[in-house]
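The block underneath contains the structure these notes are about, expressed in structure tokens.
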Amino acid sequence: MIPYGRQTITQADIDAVLGVLQSDFLTQGPRVPAFEAALCEHTSALYATAVNSATSALHIACLALGLKPGGLLWTVPNSFVASANCGLYCGAKIDFVDIDPQTYNLSVEALSEKLARTKAAGDQLPDILVPVHFAGRPCDMPAIAALAAEYGFKVLEDASHAVGASLGGHRVGACAHSDIAVFSFHPVKIVTTGEGGAALTRCPALDERLKQLRTHGISRKPEHLGSDHTDPWLFGQVDLGFNYRMTDLAAALGRSQLEALPLMHQRRLEIVERYAEALADLSLQRPLLDDQRFASAWHLYVIHLGTEERRRAVFHGLRDEGIGSQVHYIPIHTHPFFRALGFGWGDFPVSEAYYRGALSLPLYPGLAAEQQAKVIDCLTRLLAP
Ligand SMILES: *Cc1c(COP(=O)(O)O)cnc(C)c1O
């Protein structure tokens with residue numbers, strides 16, 4: 001079976017992990033700070049906090065940004081559920097902003113309208129907005145930052161798909177137009193640590209909060225120790241945090257993976273260009289390609305087949321030939337849990353229409369030319385008039 005996505009593990013990755021197994025530390029050793037430094041170097045963020053998943057990173061990012069019970073988080077329906085759950089973990093309420101029908105990212109127009117409407121009605125404005133760089137394509141961050149300044153909300157980028165992407169000369173993760181950006185290192189994403197994630201920021205106070213919340217809310221700062229002594233065993237729990245730490249095994253893998261990122265990104269681009277060319281004459285909507293304003297990380301290659309019936313037929317047709325594809329995403333607000341919160345089909349029509357026809361084709365650095373040719377061949381036959 002050709003999967004829609006999978007990790008690429010090199011001998012260097014294996015050696016890096018074996019090195020940790022033979023070292024003094026499996027966790028809380030030197031590899032996590034080294035990986036964090038590598039993430040900062042890659043993105044130009046000033047600080048990075050590596051944790052055990054992007055979900056954990058989103059959770060502590062919301063807390064660090066001050067999200068409270070009764071607060072409000074907005075995100076998009078076209079994402080993985082974690083983009084919304086992070087608000088609910090904090091006891092906040094959530095709502096959604098519909099997507100743009102071309103980019104499949106948050107629609108700045110819809111955001112601007114919803115903010116104006118909410119303010120005019122005297123209703124609660126969001127405390128945090130979570131834009132998602134869908135498929136690795138950066139959202140329009142300068143426009144989002146302008147609205148954040150006007151309406152006074154924080155911006156938390158869910159950059160789970162976007163390691164290696166850039167916008168306007170800034171790497172995604174640099175937080176040029178946001179407070180915090182979160183990466184995922186799940187194996188289907190761009191760079192993997194097995195399970196893992198990170199929260200990046202330019203703000204030292206946010207970084208301190210993130211690192212405290214990752215380790216039980218513990219501080220070793222003298223003013224937090226509750227004592228005039230500074231004995232080595234002293235620490236103070238100053239907040240209710242979690243054990244969201246990344247292991248040194250995972251961090252060593254992540255650092256090694258990050259070194260291969262330019263090569264892996266190049267492979268993804270080659271595959272994308274091949275699809276763009278080979279699918280040009282088929283009756284489907286191809287994803288927009290990069291232009292001079294931005295570079296996508298190309299986590300996903302999503303085609304749109306117009307209708308649910310066609311999408312279903314193509315999904316099964318590919319599967320019958322041993323080709324995996326996937327649907328990203330079932331709109332968050334239509335999951336049973338979110339319907340129980342009062343959301344429902346019809347609430348965000350662009351995300352719903354997108355969902356009905358969307359299909360992610362195989363895209364990962366290890367996808368061989370013959371395998372991609374098979375995908376193209378099969379798709380061409382399935383869509384023959
Ligand atoms: C994968 C993903 C997450 C969650 O990542 P984990 O590391 O598995 O917790 C969150 N948001 C988006 C958009 C994702 O794709």
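The values are calculated or read from the model by the stated rules, or taken from the named source; none is laboratory data. Just so it is clear, the model here is predicted, and its values are computed rather than measured. Note that each Cβ is placed from the backbone with ideal geometry, even for glycine, and that neighbours are counted across all protein chains shown. The protein model used for the area step is the full one, side chains on, heavy atoms only, and it has no ligands, DNA or RNA in it. Shrake-Rupley method; radii C 1.70, N 1.55, O 1.52, S 1.80 Å.
Only lysines eight or more places from K211 in sequence, or on another chain, were considered; those with a Cα closer than 17 Å are K221. Assuming a viscosity of 0.692 mPa s and a temperature of 37 °C, what translational diffusion coefficient in µm² per second does Stokes-Einstein assign to the chain, Rh being the Kirkwood radius over Cα pairs? After rounding, the answer is 151 µm²/s. Just flag the chymotrypsin sites (Phe, Trp or Tyr not before Pro) in the stretch 290-385 sitting in loop per DSSP whose Cβ has no more than 12 other Cβ atoms within 10 Å. Passing sites in the stretch 290-385 are W345.
Restricting things to alpha carbons, find the Rg to Rh ratio for the stretch 345-385 using the Kirkwood radius for Rh. Value, to two decimals: 1.17.
With contacts taken as Cα pairs under 8 Å at a separation of at least 6 residues, the chain carries a relative contact order of 23 percent.
Solvent exposure of the stretch 158-236 amounts to 42 Å² per residue of accessible area, where only protein heavy atoms count and the probe is 1.4 Å. For K119, give me every one of the lysines with a C-alpha distance below 24 angstrom, ignoring sequence neighbours fewer than eight places off in its own chain. Within the straight-line limit of under 24 Å, K119 reaches these lysines: K68, K93, K154. The length gained by stretching the chain between E113 and A37 to full extension, at 0.36 nm per residue less their Cα-Cα distance, is 23.4 nm. Per residue, the average separation of C-alpha pairs within less than 8 Å and at least 6 apart gives the stretch 173-304 a relative contact order of 18 percent.
Straight-distance candidates among the aspartates and glutamates for linking to K189, with alpha-carbon spacing under 15 Å and chain neighbours fewer than 8 residues away dropped: D158. Between the alpha-carbon centres of the stretch 332-385 and the stretch 52-115 there is a gap of 21 Å. Computed over the stretch 15-78, the range of Cα coordinates on each principal axis works out to 48, 25, 24 Å, biggest value leading.
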